[in-house]
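Okay, so here's the structure we're looking at.
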Amino acid sequence: MFSKIRLRSCVIVCLGSAFLAFGLYHVHSQSGVTEGGVLGLTLLLQHWFHISPAVSGFILNSACYLLGWRLLGKAFVIYSMVSAASFSAAYSVFEQFEPLWPQLARMPLIAAVLGAVFVGIGAGVCVRVGGAPGGDDALAMSVAHLTHIDIQWVYLFFDLVVLVMSVSYIPLPKLIYSLLTVVLSGQIIGWIQMIKIPGKVHEKPEQKM
């Protein structure tokens, strides 16, 4: 019974990660509207050092998972690694094709909302079944444990740090849209956590508030 549930969860995590990768490539990386946390950092590295998020995302996420290993359950770590690998594989595939909506560069408000939907649903589904496509969860939980700061403020801090760094290549007006997409995606992730999953036997990790 457990093996069947675990297999189903892995499939869901893979689909959620692919959905997230689709939005990150076709919306965020084309429009200049970025994300906070690890996702935003991968876009910054792509801009300045031409490092694909397929590579930087996997390395950064792995480092965050290793840091939070002692604070995370075994199932969460396994699902998270599956999610990270699925994201990298999916993004590598999407990079082989031309972006679907290059015109989003001229429509930052639409890009911010559409990007939030992809990030919120993709990441939210993964977190709901027990994993995370990004290392933000592991990193935030580790810092919250060490500092005793509420985890939602830890998430916000790292998002803002990355957005401030993004000023180096994104005009300030566009960063306002980036802030919008961070807030909206966080809310969507929160809503998805309220969806009941029949037969779910493992506890879900802490998530963005």
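Would you compute, from DSSP H runs of 4+ residues alone, the mean residue ellipticity of the chain at 222 nm, taking -39500 (n - 2.57) per run and dividing by the full residue count, rounded to the nearest 500?
Details: 8 runs with 140 residues, N = 209.
Dividing the helical sum by the residues of the chain leaves -22500 deg cm²/dmol.
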Once the Cα atoms of helix 37-49 and of the chain are each reduced to a long axis, what angle between those two axes, in degrees from 0 to 90 to the nearest 10, is obtained?
40 degrees
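Gain in length, GLN96 to TYR169, computed as 0.36 nm per residue apart minus the alpha-carbon separation, to one decimal in nm?
23.8 nm
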Gyration tensor verdict on the chain (Cα atoms; rounded if a/c is under 1.5, prolate if a/b is larger than b/c, oblate otherwise)
prolate
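Given a cut-off of under 8 Å on Cα pairs at least six residues apart, what relative contact order in percent is computed for the chain?
On the way: 331 pairs, mean separation 70.3, N = 209.
Result for the chain is 34 percent.
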Rounded to the nearest 10 degrees, the helix 2-23 long axis (Cα) sits at an angle to the longest Cα principal axis of the chain of 10 degrees
Per residue, in Å², the accessible surface of the chain once ligands and nucleic acids are set aside, probe 1.4 Å
49 Å²
When the Karplus curve 6.51 cos²θ - 1.76 cosθ + 1.60 is applied with θ = phi - 60°, which whole-Hz ³J(HN,Hα) does each residue of the range 163-180 get, with x for Gly and Pro?
5, 5, 4, 6, 4, 5, 9, 10, x, 3, x, 5, 5, 5, 5, 5, 4, 4
If you fit an axis through the alpha-carbon atoms of helix 53-67 and take the longest principal axis of the Cα set of the chain, what angle between them do you get, 0 to 90°, nearest 10?
40 degrees
Within the range 1-126, what whole-number % of the accessible surface is contributed by carbon and sulfur, with the 1.4 Å probe and all protein chains included in the calculation?
74 percent
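The values are calculated or read from the model by the stated rules, or taken from the named source; none is laboratory data. Just so it is clear, the model here is predicted, and its values are computed rather than measured. What goes into the accessible areas is simple: the full protein's heavy atoms, side chains included, and nothing from ligands, DNA or RNA. Shrake-Rupley method; radii C 1.70, N 1.55, O 1.52, S 1.80 Å.
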